[in-house]
Amino acid sequence: MDKDDLLVLIENAYVGNKTKLDLSNRDISEIPEEIGKLQNLKILNLSYNTIKKLPPSIGKLHNLEVLMLHKCFRGEFTRFIV
């Protein structure tokens, strides 16, 4: 999935005030900073992608209860996930 398509999905989730967003298995390698706009998000599934790092804006998701990252990371920071 290219960045423009991903931005459209994020914008649609923002406009629709979604609490769940499933971006699993979409060949995503980078999550854009715009993900931080999704303040009402409770569940975010990023599983089965090739993400190397999460953007700092992920910290703005104060209502996030579940972050799914199954078979996802190819980066160095997996040792920091608890």
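The values are calculated or read from the model by the stated rules, or taken from the named source; none is laboratory data. This one's a predicted model, so the numbers in the text were calculated from it and none came from an experiment. Please note: Cβ atoms are built from the backbone with ideal geometry, for glycine as well, and neighbour counts cover all protein chains shown.
Anything in the stretch 11-52 that is under 19 Å from CYS72 (Cα atoms) and among the β-branched types (Val, Ile, Thr)? List them, or say none.
ILE28, ILE31, ILE35, ILE43, THR50, ILE51
Starting from residues that are aliphatic (A, V, I, L, M) and surrounded by 15 or more Cβ atoms within 10 Å (Cβ to Cβ), keep the ones in the stretch 10-19 and report whichever is farthest from LYS42 (Cα to Cα).
ILE10
Just the residues that are closer than 16 Å to MET68 by Cβ and β-branched (Val, Ile, Thr), please, taken from the stretch 1-40.
Across the stretch 1-40, the qualifying residues are THR19, ILE28, ILE31, ILE35.
Which residue pairs have Cβ atoms under 8 Å apart, sit 6 or more places apart or on different chains, and have a first residue in the stretch 38-61 that is under 16 Å from ASN12 (Cα atoms) and a second that is modelled with pLDDT of 95 or more and aromatic (Phe, Trp, Tyr)?
Partner pairs satisfying both residue conditions: LEU38/TYR14.
Every residue in the stretch 20-33 that is surrounded by 16 or more Cβ atoms within 10 Å (Cβ to Cβ) and either in contact with a His (Cβ under 9 Å, 6 or more places away or on another chain) or over 12 Å from LEU61 (Cβ atoms) (or both), please.
Selection gives LEU23, SER24, ILE28.
Take LEU54 and decide whether it is under 10 Å from the mean Cα position of the chain (by Cα), assigned to a strand (DSSP E or B) and aliphatic (A, V, I, L, M).
no
A quick yes/no check of all residues on (1) outside any loop (DSSP other than H, G, I, E, B); (2) at pLDDT below 95:
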| site | (1), (2) |
| --- | --- |
| ALA13 | yes, no |
| ASN40 | no, no |
| LEU44 | yes, no |
| LEU64 | no, no |
| THR78 | yes, yes |
